[in-house]
Every structure is written in structure tokens, then in C-alpha cells.
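The values are calculated or read from the model by the stated rules, or taken from the named source; none is laboratory data. Fair warning: this is a prediction, and the values are worked out from it, not measured in the lab. Quick reminder, even Gly has a Cβ in these numbers, built from the backbone with ideal geometry, and neighbours come from all protein chains shown.
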Amino acid sequence: MFQCFQPDLYVEGVLDLTLECLQKYEIKSLLLDVDCTLKSYRSQNISPEILSWIERMKNKEIGLCLVSNGSSLRIRVLAEQVQLPFIAPALKPLPFGCCTAIQSMNFDKKSTAMVGDQVFSDLLAGKLAGLFTILVTPMQPEEEPWFARIKRPLERIVLRRKKKEKNSV
């Protein structure tokens, strides 16, 4: 039952997603959540380190697309900043935004991963779309609105439960 809430890979942040890491899992394309994944919730800009990481991924021909529940107007500004296509609002946890991104970008579903910080939206959307899922630690979660913060304790319970199950096997 908890399988759909378990990431295929858990990393501290997107900067840990090196080319070698992606190659290990045969990932050639990334669908990227924005808030608390690429930038803190209240920030208007993406940090120079993340911008550099995006450029490295582009130079290594890793396909990238932003997939966010944020408003189209707000995400468009960020997408222009990083020169990436975007889907917004993606309506996560429904898989439609992920599926739209895959189709519009001509990504191979088998080698595409959904990357995000929220179990009950990003991860679940990726799982429902049949994608490899990568969970990152949220950037400055204390800045998130209440409706996002309220889910964090439930996420920890679900992730801890699975960790215990793995350890007992």
C-alpha cells in the first residue's frame, strides 16, 4: 500500500543528481518541481549553484522540463530565467502534468524521472505516471504555506514506515 509513496531514489538536493548518478539509473530526462526543489518557496530566483547545475545537465543533453503546481504566470518567469519548458499548473498528484511534459518534450517514459520535494504531490504524480521518482529534501520548508507544511509530518511517517519495512526484510 505504501509503495506508491516511496521514492525510487532519495537525495539531499538536485545538486546530488550528477551525470554519473543519472547514468547509473539510466535516466536521460528530468521533470523538475520548482518550489522547495529548485528554489525556496518565497524566492523569486534560482540560486547560481542550481543555475549552474541546470546548465551542466543541458550540456550533457539531459532533457529537462519544469512541472509545477504553481500558476502559469509565476512559473513562466522562472522558466524564462533558466530557459526551460514548463507545465503549470500541473495538478499534481494527478499524473496529467507529467504525462503532458513527457509527450510535449518527446521524452522516453522509461528513462524519465520526476524530481520533487513532496511525497503526496510530486512523488505520487510521478508514480501514477509510471516514472522513476526522486525525492529531495525540501529547501527551507519553513517558508512554505500552511497547506504544504501540514503534510510534512505525514510524509515522515510514511517514509519512516517503509524504512522499517526494508530493514526487517
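Would you check if residue 62 is of a type in the set (Val, Ile, Thr) and within 18 Å of residue 15 (Cα to Cα)? Please lay out each step first, then the result.
On the way: of a type in the set (Val, Ile, Thr): yes; within 18 Å of residue 15 (Cα to Cα): yes.
Here the answer is yes, as residue 62 does meet what is asked.
Of the residues that sit in the stretch 48-69 and are among the small types (Gly, Ala, Ser) and under 16 Å from the mean Cα position of the chain (by Cα), which one is surrounded by the fewest Cβ atoms within 10 Å (Cβ to Cβ)?
Only one residue fits best here, namely 63.
Which pairs have Cβ atoms under 9 Å, sit 6 or more apart or on different chains, and link a residue in the stretch 67-94 that is closer than 23 Å to residue 52 by Cβ and at pLDDT 95 or above to one that is loosely packed, with under 14 Cβ neighbours inside 10 Å and of a type in the set (Asp, Glu)?
Partner pairs satisfying both residue conditions: 82/55.
How many residues are of a type in the set (Phe, Trp, Tyr) and crowded, with 18+ Cβ neighbours inside 10 Å if we restrict to the stretch 78-128?
Selection size over the stretch 78-128: 2.
Check off (1) out of contact with any strand residue (DSSP E or B) (no Cβ under 7 Å at 6 or more places or on another chain); (2) surrounded by fewer than 17 Cβ atoms within 10 Å (Cβ to Cβ) for residue 10 and give me the number that stays unchecked.
In the conditions (1) out of contact with any strand residue (DSSP E or B) (no Cβ under 7 Å at 6 or more places or on another chain); (2) surrounded by fewer than 17 Cβ atoms within 10 Å (Cβ to Cβ), residue 10 misses (1) alone.
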